[in-house]
Amino acid sequence: MAEPSPLLADIKKLIKTSGPLPVWRYMQLCLTHPQHGYYIARDPLGREGDFITSPEVSQMFGELLGLWGASVWRSIGSPATLRLIEFGPGRGTMMADALRALRVLPPMYQALSVHLIEINPELREKQKAALSSTPNIHWHASLDEVPEGPAIILANEYFDVLPIHQMVKRDDGWHERVVDIDGSGQLVFGANAAPTLRFDMLLPPLVRAAPVGAIFEWRPDAEIMSIATRVRDHGGAALIIDYGHVRSDAGDTFQAIARHSFADPLKYPGQVDVTAHVDFEALARAAEDVGARVHGPVTQGEFLRRLGIESRAVNLMEKATPEISDSIATALKRLTEGGRGGMGSMFKVIGVSNPGLTELVGLSDRERRGGMRAP
């Protein structure tokens, strides 16, 4: 990227006046600064943007999630009013595909009110265009603004951009990782001089035994607890899809993406997407702590296959030209397989529901195992 980052000067000024920034604060500024935040100032999606999400790869993804929602609606007694909520809906592609699939079920479609959690003004406009024919649609800044009632909640690639805390293990304990300025005026990683007292008591044995120099990441539980509390109290289920790991473990996953390639997360603040892997073990334990039921996790590839993506692809290819048929096959492979460019293994899927909902299509109840409870 050739142009200077307008946020860089603000961050350096803040460090000089207030001291080094914890990684979570730096990440928060990069993504949601009121003027220069990455998710405030641009549309990052698609082939011309910095990354492509699963809904942009193929219509099959959103369609299957819509049909998954239909199975949840039936399992909770087909209520006459249902909130269909999506966190971080991008350009509205996934919601448009899901709603198209749900039109084959008029009783459910008529019960829906659609609620989009979105803070990016530019993306809101694109969502309005993509969903212009959708009645009873609303935009919100947070889940708290959505009216009460049974809900189906979708969150695809949402949790990976929530700010993380990073801790560095040293001989005297775990120190919070920070962003500072070096002698040449460049942003660099550092660590607080004093350790965080008793932090190791919160860690599972696997992480506690990590060697000196290891990095551990954690996110506050507020967002997943809010979602879990919502479905616990009002009925329904949430589906969370993201890239990450199924067990709490040490490792540095803080990264930046620009033009579909990795970039230096400290070099162009506000101009590149900064993310970190999702700890699905931590999500599951937080949801269970408030009394919700957890289903999964499973890989995205396995989940989509259980929902019938292969049959859906065959049906689409039978009606398509050879060129389009090839693109459908390519999309199927990308969504379900691992390896270079594949999303099927890296991405995981977890369901959260009211405790009385014992089964979710494509998922199974989570087996309890040890994990980290964030402070």
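So here's what we get for this one:
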{"item": "Meets criteria (closer than 20 Å to K348 by Cα and touching a strand residue (DSSP E or B) at 6+ places or on another chain (Cβ under 9 Å)) for A194", "result": "no"}
{"item": "Residue check, A193 crowded, with 19+ Cβ neighbours inside 10 Å and either among the small types (G, A, S) or not in a strand (DSSP E or B) (or both)", "result": "no"}
{"item": "Residues of segment 211-221 satisfying the condition of being in contact with a helix residue (DSSP H, G or I) (Cβ under 9 Å, 6 or more places away or on another chain) and of a type in the set (A, V, I, L, M)", "result": "A214"}
{"item": "Residue match in segment 220-231 (condition: open to solvent by 40 Å² or more (accessible area, probe 1.4 Å), in a loop (DSSP other than H, G, I, E, B) and not acidic (D, E))", "result": "yes"}
{"item": "Count - residues of segment 64-121 that are touching a residue at least 60 places away in the same chain (Cβ under 8 Å), over 24 Å from T358 (Cβ atoms), part of a helix (DSSP H, G or I) and open to solvent by less than 10 Å² (accessible area, probe 1.4 Å)", "result": "1"}
{"item": "Inter-residue pairs, beta-carbon under 7 Å, first more than 24 Å from M27 (Cβ to Cβ) and in segment 195-220, second open to solvent by 50 Å² or more (accessible area, probe 1.4 Å) and assigned to a strand (DSSP E or B), 6+ apart", "result": "V212/R170"}
{"item": "Pair list, Cβ under 6 Å, 6 or more apart: segment 19-31 residue in contact (Cβ under 8 Å) with a residue 12 or more places away in the chain, other residue of a type in the set (D, E)", "result": "P20/D180; P22/E176"}
{"item": "Of all residues in segment 137-146 being in a strand (DSSP E or B) and either open to solvent by 40 Å² or more (accessible area, probe 1.4 Å) or touching a residue at least 60 places away in the same chain (Cβ under 8 Å) (or both), the one that is farthest from L31 (Cα to Cα)", "result": "H138"}
{"item": "Residues located in segment 295-330, provided they are acidic (D, E) and under 20 Å from A101 (Cα atoms)", "result": "E310, E318"}
{"item": "Selection from segment 266-277 of residues that are assigned to a loop (DSSP other than H, G, I, E, B) and open to solvent by less than 20 Å² (accessible area, probe 1.4 Å)", "result": "L266, P269, G270, Q271, V272, A276"}
{"item": "Number of positions in segment 252-272 that are modelled with pLDDT of 90 or more and under 30 Å from G296 (Cα atoms)", "result": "5"}
{"item": "Every residue from segment 147-179 that is open to solvent by less than 10 Å² (accessible area, probe 1.4 Å) and assigned to a loop (DSSP other than H, G, I, E, B)", "result": "I164"}
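The values are calculated or read from the model by the stated rules, or taken from the named source; none is laboratory data. Given the structure is predicted, the values throughout are model-derived calculations rather than measurements. When we count neighbours, we look across all protein chains shown, and the Cβ atoms used for this are built from the backbone with ideal geometry, even at glycine. Surface accessibility is based on the protein's heavy atoms, side chains included, excluding ligands, DNA and RNA. Shrake-Rupley method; radii C 1.70, N 1.55, O 1.52, S 1.80 Å.
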